[in-house]
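Colleague: To start, I am sharing the structure in question, which I have written as structure tokens.
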Amino acid sequence: MTTILRTENLTIRFGGHTAVDHVNFEMPEKHFKSIIGPNGAGKTTFFNLISGELKPSEGKVYFKNEDMSRFSSVDRTRKGLGRSFQITNVFPNLTVLENVRLAVQSKEKIRYQMFRHITSYPSLIKKAEELLEVVLLLNKKQAIASQLSHGEKRKLEIAMLLALDTEVLLLDEPTAGMSLEEVPTILEVIRRIKQQDNKTILLIEHKMDMILDLSDSIMVLFNGTLLADGTPEEIMQNETVQNAYLGGSYNEHHAQS
């Protein structure tokens, strides 16, 4: 398998605290890997390092064997590393369709022209509608984004990432803040993207049933270090993981959630 994303001794320190500690991992192309670990394990910080939101104290991030050190988060997105956040990031006063159409337009490098109506770019609208179909939002295409439920906004954000034609999707707790009724729909959206078999997906999530259902492999972070990386079966049977995470920390977290 071709490695599309990897880290070498990736480390970040905040004062005397090491949040991510010499993490080495490899991500095969068109692979679905989930990251698990207790609160404070360094999962989101690790994402921030990969996406360029944070600069490492040590180590490197490589995307398609290219060192990403000199690239900003925006540049990394343009290169194909797309990131979703725990907090949704959409244009609230635009329609659902316009949000995705603008992302498609940005990817196609078509500049805004004051005297040319957007309907003169039918290919952009068609592409946007196709993406809304993937994320199960086509029936809401004329709705104003601010009127969407939290779960629908997350789906819209994923559609915008897909519009940028990102090869790697970094999904940071896509079900965070959702009602129980909304979770199955976002699960179906992620499954549909996986079934297209043209994206590499790195997911942070606390819902173990979702992780076990979707993941090709799982990596476990604990106190900023890479504790284990393997198939779902290997991770569930790993005694070190059970003691450090799937035992006390995991059960305690889910008892409170």
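Colleague: With a ≥ b ≥ c taken as the square roots of the eigenvalues of the C-alpha gyration tensor of the range 129-239, please select rounded if a/c is under 1.5 and otherwise prolate if a/b is larger than b/c or oblate if it is not? If you can, show how the numbers build up before the last one.
Modeller: Values: a/c = 2.31, a/b = 1.85, b/c = 1.25.
It comes out prolate by the Cα gyration axes.
Colleague: What FRET efficiency comes out for R192 versus H17 if R0 is 51 angstrom and r is the Cβ-Cβ distance? Round to the nearest 0.05. It would help to have the intermediate numbers written out before the result.
Modeller: Numbers: r = 39 Å, r/R0 = 0.77.
For R192 and H17, the calculated efficiency is 0.85.
Colleague: Treating only the Cβ atoms of Lys and Arg (+1) and Asp and Glu (-1) as charged, compute the dipole magnitude of the chain about its Cα centre; round to the nearest 20 debye. Could you put the intermediate results ahead of the total?
Modeller: Values: 30 positive and 33 negative charges, 269 e Å.
That gives the chain a dipole magnitude of about 1300 debye.
Colleague: So what's the net charge close to T45: Lys and Arg +1, Asp and Glu -1, counting the other residues with Cβ under 15 Å from its Cβ? The partial results should precede the final answer.
Modeller: Numbers: positive: R13, K43, K55, R83; negative: D21, E53, E58, D172, E173.
The answer is -1.
Colleague: Name the residue farthest towards the positive end of the dipole of the range 3-256 from the options T200, A163, N65, assuming +1 on Cβ of Lys and Arg, -1 on Cβ of Asp and Glu, about the Cα centre.
Modeller: Looking along the dipole axis, the top candidate is A163.
Colleague: Just to be sure I understand the model, the point goes 7 Å from the Cα along the line to the Cβ. What's the resulting K126 to L138 distance in nm?
Modeller: Going from the K126 label point to the L138 one covers 1.4 nm.
Colleague: Compute the helix-to-body angle for 96-107: its Cα long axis versus the longest principal axis of the chain, expressed 0 to 90° and rounded to tens.
Modeller: Roughly 80 degrees, rounded to the nearest 10.
Colleague: Sum up the charges of everything whose Cβ sits under 10 Å from the Cβ of I12, counting Lys and Arg as +1 and Asp and Glu as -1, but leave I12 out. Let's see the in-between values first.
Modeller: On the way: positive: R13, K55; negative: D21, E58.
Overall, the nearby charge balance is 0.
Colleague: Continuing with the same structure: State the percent of C-alpha pairs, over all pairs in the chain, separated by a distance greater than 30 angstrom. Let's see the in-between values first.
Modeller: On the way: 9560 of 32896 pairs.
Beyond 30 Å sits 29 percent of the P(r) for the chain.
Colleague: Go through K60/K126; K64/K140; K43/K79 and tell me which ones have a Cα-Cα distance over 30 Å in this structure.
Modeller: Details: K60/K126 39 Å; K64/K140 36 Å; K43/K79 22 Å.
Over 30 Å apart, Cα to Cα: K60/K126; K64/K140.
Colleague: Further question: Who wins for biggest fluctuation among V168, V104, V74 in a Gaussian network model of the chain, springs between alpha carbons below 10 Å?
Modeller: Between V168, V104, V74, it is V74 that shows the largest mean-square fluctuation.
Here, each number is a calculation from the coordinates, and none is a lab measurement. None of these values were measured; they are calculated from a predicted model. Virtual Cβ from ideal backbone geometry, glycine too; neighbours counted across all protein chains shown.
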